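Only one structure is covered here, and it is reproduced in the block below.
The values are calculated or read from the model by the stated rules, or taken from the named source; none is laboratory data. Everything quoted here is computed from the prediction, not taken from an experiment. Cβ placement follows ideal geometry from the backbone for every residue including glycine, while neighbour counts extend to all protein chains displayed. In case anyone asks, the SASA skips ligands and DNA or RNA and just uses the protein heavy atoms, side chains included. Shrake-Rupley method; radii C 1.70, N 1.55, O 1.52, S 1.80 Å.
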Amino acid sequence: MEKTLTIRDLSVSFQATGGTVRAVRGVDLDLYQGETLAIVGESGSGKSVTVKAIMGIVSSNQTIDSGSICYRFQQDGEWTETELLNLSRNEMRQKINGTHIAMVFQDPMTSLDPTMSIGMQLMEGMMHHLHYSKAQARERALELLNMVGITDAEKRMKNYPHQLSGGMRQRVVIAIALSCRPDILICDEPTTALDVTIQAKILELIQEIQKKTGISVIYITHDLGVVAKVADYVAVMYAGRIVEKGTVEDIFYDPRHPYTWGLLSSMPDISTDAPDRLYTIPGSPPNMVDLPAGDPFAPRNPFALEADFKAEPPTFQISPTHYAATWLLDDRAPQVEMPESLRSRIQAMTEGGGVCV
Amino acid sequence: MSEHLLEVRDLKQYFRVSKKYTVKAVDGVSFHIDAGETYGLVGESGSGKSTIGRSIIRLYTPTSGTVTFEGVEISGALGAKETKHLRTRMQMIFQDPMACLNPRKKVGDIIAQGLDIHHLYRDREERQEKVYRIMEKMGLDREHAGRYPHQFSGGQRQRIGIARALVMEPKLVIADEPISALDVSIQAQVVNLMKDLQGELGAAYLFIAHDLSMVKYISDRIGVLHLGHLVETGTTRDIFERPIHPYTKSLLSAIPHADPRVEKQRVAIGYDYKTSGIDYTLGTYHSLSETHTVLCTDEEFAKWTRV
Ligand SMILES: Nc1ncnc2c1ncn2[C@@H]1O[C@H](COP(=O)(O)OP(=O)(O)OP(=O)(O)O)[C@@H](O)[C@H]1O
Ligand SMILES: Nc1ncnc2c1ncn2[C@@H]1O[C@H](COP(=O)(O)OP(=O)(O)OP(=O)(O)O)[C@@H](O)[C@H]1O
Ligand SMILES: [Mg+2]
Ligand SMILES: [Mg+2]
C-alpha cells in the first residue's frame with residue numbers, strides 16, 4: 001500500500017493569556033492510500049489542531065514548533081512528494097485545499113456563509129477549482145445533495161443555512177467537501193448532528209467513494225460505534241499526544257493504555273439493560289498551559305505507577321501495528337490488567353461472534 | 001383538564017420558505033410528558049425535533065394545535081401571566097454551549113440571568129446562595145463564578161448551560177442535543193449529573209438526541225419522529241424490545257455497535273418512505289398497550305402486529 005501522508009514529530013502551540021498552550025506534542029501518524037484512519041480522544045486533546053495543521057490552517061497566535069507533514073500523491077501517473085509545512089497559505093489554498101485534501105469542519109455553521117444560498121456555496125468551489133460552467137456545477141451540486149440524502153434538492157438549493165436543520169447543514173458541508181474530488185478527506189465530527197440512519201448512509205457513501213476512487217479518509221469522532229464501522233486504523237489522543245494507536249481490532253479487543261480503557265468503559269452498552277450510572281473517567285482534563293511533570297494522565301489514572309508522576313512514558317511497540325505510551329508496558333512494571341467490566345465486555349464481543357438487533 | 005405535566009395536542013408548525021414552498025416541519029404531533037420523567041425524542045435529521053422543542057417553549061408561534069403546561073395553555077396568545085409561568089417553570093438547554101453563553105459575562109452572572117430577570121430572590125445573598133448551590137451540584141467550583149466562558153472546557157461549559165437552566169428549578173427542561181458536542185467520557189458525566197439532579201429537583205426532561213444508547217439510558221419513554229409525524233411512542237422497553245413501525249425498526253437497526261467485527265458486516269434495515277406505500281396523513285394513533293402507540297391505518301396495524 002502507498003503511503004499518502006506522513007506526519008512526524010508534529011508539535012503545535014498557542015500563545016494565550018495564561019501562557020503557552022502546548023496543544024500538540026510530538027505526533028507521529030501515517031495515512032495510507034485508500035485507508036480510513038480514526039482519531040479519537042478527549043475534548044481538548046489536540047485532534048482538531050492536528051488535522052488543521054495538515055490543511056495549513058494556522059491561527060495568528062499559533063506556532064508549529066517542530067515536525068513535518070509529507071504529502072505524496074499521483075500526478076499524471078507519477079508519485080510526487082510535497083512538504084505541506086513549507087507551503088505558504090496561498091499555495092495551500094491554490095494547490096492543495098479542496099482539490100487534493102478537503103476537510104469537513106467540526107461546526108458546520110462556521111463553514112457555511114449565512115448570506116449565501118447553499119446551492120451557490122456548493123457550486124462556487126467547482127467553478128473555481130474544476131473550471132465547471134455554471135450549468136455543469138449546478139447539475140453536479142444537485143447530484144451531490146441527492147447523494148447525501150437531501151430530498152427536494154432542487155428547492156433546497158435556494159435555502160440559506162439557517163433554514164436547514166442541524167443535520168441538513170452538516171450534510172451540505174459534506175457535499176461541499178466531496179465536490180472537488182479530493183484524494184484525502186478529513187472529517188472532524190462529521191456525523192454528530194445526524195440520526196443513526198442518515199449517519200450510516202453518509203458513512204456508507206464515503207466508503208463507496210473510497211472503494212471507487214481509492215481516497216483516504218481521516219475521521220475525528222467520539223462515537224466509538226462509528227470508529228468500529230469505518231476505521232482501519234485508530235489513534236487515541238490525550239493531552240496533545242497519541243497515547244495509543246493500532247488497527248481497529250488492536251484498539252477494541254486488545255487496548256493497552258489506561259486512558260483507552262476508560263474511554264471504552266464510558267460507552268453505554270446498548271445490548272444490555274441500562275446500568276444505574278455510566279462509568280466516567282475520574283478527575284478533569286489537564287491544563288494544557290501547565291502540564292504536570294510525568295504523564296499528564298497520571299492524576300486520573302487508577303493504574304498509575306510511581307514512574308508516571310516522574311517522567312512521560314515513551315511509546316512502546318506491542319506488535320508491528322500496535323503502539324502505546326504507558327509505563328505499564330515497561331519490562332520493570334508490575335502486571336496490570338484492564339478493569340474487569342471492560343475485560344468481560346470484550347470477551348463477550350470476541351466470543352459471542354456478535355449478536356445484534 | 002389534563003393531569004399530565006405537558007400535553008401536546010395535534011401540534012403543527014409550518015414554515016413558509018417561499019411563495020411556492022412551505023415546509024411542514026411538524027405536522028400534527030401529540031404526546032404528553034409526566035412530572036419528573038424523561039421523554040426522549042429521536043428521529044431522522046430534519047424530522048422536526050428541534051422545532052417541537054422550540055414551539056413548546058415559544059421560540060416559534062405554533063401554526064395550530066395546543067400545548068398545555070401545568071394546566072395552562074401556552075400555545076395561544078401569551079399574556080403576562082402565561083409568559084412568566086412559561087419562562088420560569090420551563091427551561092431549555094442548547095446543543096452548542098458556546099453559542100448561547102455570552103462571552104463577555106462572568107459565569108456567575110450567566111447562571112443568575114433568569115433569576116435576575118424574574119426577581120426570584122429576596123436579596124443579593126439569596127441570589128449568591130442559589131448560584132453557588134447549583135454550581136456545586138454541577139461539580140463546578142465557587143471560584144469559577146468569576147471566570148468567563150472561554151476559560152472552560154467543552155464539558156464544563158455544557159454544565160454551565162445546564163446550571164443556568166436548573167437554577168430556576170424548572171418543572172420541565174427541554175434539552176436539545178445537550179451532549180452531542182461532547183466526548184464520550186464527558187457525555188457520561190453530564191448525563192449522570194442530569195439524572196442525579198432530576199432525582200433532587202423532580203424536573204421532567206424532553207431529551208432530544210441522536211445517540212440511541214444514551215437515549216435508552218436516560219429515558220423513561222421515547223417518541224420516534226419522522227418527517228414531522230410522531231410515528232411511534234412508548235416506554236423505553238416498548239420501543240427497544242417491541243418496535244412496530246418500520247421506521248423505528250430501521251432506526252434501531254442502524255445503531256452502530258462498538259465492536260468492529262460485528263459493525264463491519266452489519267447491514268441496517270432500510271426504510272424509504274416514498275416507496276414504502278405508507279401515507280402518514282392517513283394514519284391514526286393505534287394503541288398496542290396503555291403505553292405503546294403507533295401511527296398507522298387499520299390495515300397497517302393488522303399487518304405490522306401479526307406475528
Ligand atoms: N486559537 C487557540 N488559542 C488558544 N488555544 C487554542 C486555540 N485553538 C485550540 N486551542 C487549545 O488547543 C487544545 C487542543 O484543541 P483542539 O481543538 O485540537 O481539541 P480537540 O481534541 O479537537 O477537542 P474537541 O473534541 O473538543 O473538538 C485545547 O486545549 C484548546 O483549548
Ligand atoms: N426557521 C426556519 N425556516 C424555515 N425552515 C425551517 C426553519 N427551522 C426549521 N426549518 C425546517 O423544518 C424542518 C425540521 O427542522 P428541525 O430543525 O426541527 O429538525 P430536527 O429534527 O431538529 O433535525 P436535526 O436532527 O437535523 O437537528 C427542516 O426541514 C428545516 O429545514
Ligand atoms: Mg475538535
Ligand atoms: Mg435539531
- Query: Debye sum, Cα scatterers, chain B, no solvent: what log₁₀ I/I(0) at q = 0.09, 0.10, 0.13 1/Å?
  - Reply: -0.49, -0.60, -0.98
- Message: Suppose accessible area is computed on protein heavy atoms with a 1.4 Å probe; arrange A:LYS201, B:LYS195 from highest to lowest.
- Response: A:LYS201, B:LYS195
- Task: Amide H neighbours of A:SER43 under 5 Å, at least 5 residues apart or on other chains, H built in the peptide plane: list them.
- Result: B:ASP183
- Task: Could you pull out the longest piece of chain B with no exposed loop GluC sites (Glu not before Pro) in it, calling a site exposed if DSSP puts it outside H, G, I, E, B and it has at most 12 other Cβ atoms within 10 Å?
- Result: B:4-289
- Item | Coil-residue trypsin sites (Lys or Arg not before Pro) of the stretch A:264-351, DSSP, other Cβ within 10 Å capped at 12 | A:ARG277, A:LYS310, A:ARG332
- Item | Highest-MSF residue in chain B out of B:MET168, B:MET135, B:MET214 [GNM, Cα springs under 10 Å] | B:MET214
- Note on the structure: With only helices counted (DSSP H, runs n ≥ 4, each -39500 (n - 2.57)), the per-residue ellipticity at 222 nm for chain A, to the nearest 500, works out to -9000 deg cm²/dmol
- Taking only C-alpha pairs under 8 Å that are 6+ residues apart, what is the relative contact order of the stretch B:6-227 in percent? 30 percent
- Query: Can you give the Rg and Dmax of the protein assembly as shown based on its C-alpha atoms, in angstrom?
  - Reply: 25.2, 77
- Message: Just to check I understand the Karplus step: with θ = phi - 60° and J = 6.51 cos²θ - 1.76 cosθ + 1.60, what whole-Hz values come out for the stretch A:44-56, glycine and proline as x?
- Response: x, 7, x, 5, 5, 4, 4, 6, 5, 4, 4, 7, x
- Task: Whole number in Å², please: accessible area per residue of the protein assembly as shown, 1.4 Å probe, ligands, DNA and RNA not counted.
- Result: 43 Å²
- Residue with peak Gaussian network fluctuation, chain B [Cα springs, cutoff 10 Å], from B:THR275, B:THR51, B:THR248: B:THR275
- Message: Between the stretch A:36-112 and the stretch A:151-217, how far is it from one alpha carbon centroid to the other, in angstrom?
- Response: 19 Å
- What list of ³J(HN,Hα) values in whole Hz, one per residue of the stretch A:97-103 in order, does the Karplus curve 6.51 cos²θ - 1.76 cosθ + 1.60 (θ = phi - 60°) give from phi, with Gly and Pro shown as x? 4, x, 7, 9, 10, 10, 10
- Task: Compute the FRET efficiency between B:ASP109 and B:LEU59 as 1/(1 + (r/R0)^6), taking r as their Cβ-Cβ distance and R0 = 35 Å, and round to the nearest 0.05.
- Result: 0.95
- Query: Considering only protein heavy atoms, what is the solvent-accessible area of B:TYR14 at a probe of 1.4 Å, reported in Å² to the nearest 10?
  - Reply: 70 Å²
- Query: What figure in square angstrom, to the nearest 10, would you give for the accessible area of A:MET120 with a 1.4 Å probe?
  - Reply: 60 Å²
- What order do A:ASP76, B:ASP183 take when sorted by accessible area (1.4 Å probe), most exposed first? A:ASP76, B:ASP183
- Item | Pairwise label distance in nanometres, B:GLU126 with A:GLN317, each label 7 Å out on the Cα-Cβ vector | 6.9 nm
- Message: Using Cα springs under 10 Å in a Gaussian network model of chain A, which residue among A:THR17, A:THR197, A:THR99 shows the largest mean-square fluctuation?
- Response: A:THR17
- Rounded to the nearest 10 Å², the accessible area of B:LEU227 at probe 1.4 Å: 80 Å²
- Which semi-axis lengths, in whole Å and largest first, follow from the square roots of five times the eigenvalues of the Cα gyration tensor of chain A? 36, 25, 19
- Regarding the stretch A:237-352, what are the three Cα extents along the principal axes, ordered largest first, in Å? 41, 34, 24
- Enumerate the calculated ³J(HN,Hα) couplings along the stretch B:240-250 in order (Karplus 6.51 cos²θ - 1.76 cosθ + 1.60, θ = phi - 60°), each rounded to whole Hz, writing x wherever the residue is Gly or Pro. 7, 9, 9, x, 10, 6, x, 5, 4, 4, 5
- B:LYS19-A:GLU306 FRET efficiency (beta carbon distance; Förster radius 56 Å; 0.05 resolution): 0.15
- Message: Test of the criteria: in the stretch B:14-99, which trypsin sites (Lys or Arg not before Pro) are in a DSSP loop and have at most 12 other Cβ atoms within 10 angstrom of their Cβ?
- Response: B:LYS19, B:LYS20
- Task: Would you mind getting me the FRET efficiency between A:THR80 and A:LYS212? Use the beta-carbon distance for r and R0 = 30 Å, nearest 0.05.
- Result: 0.85
- Please average, across the residues of B:260-273, the number of beta carbons from any other chain that are within 10 Å of each residue's own beta carbon, and give a whole number. 6
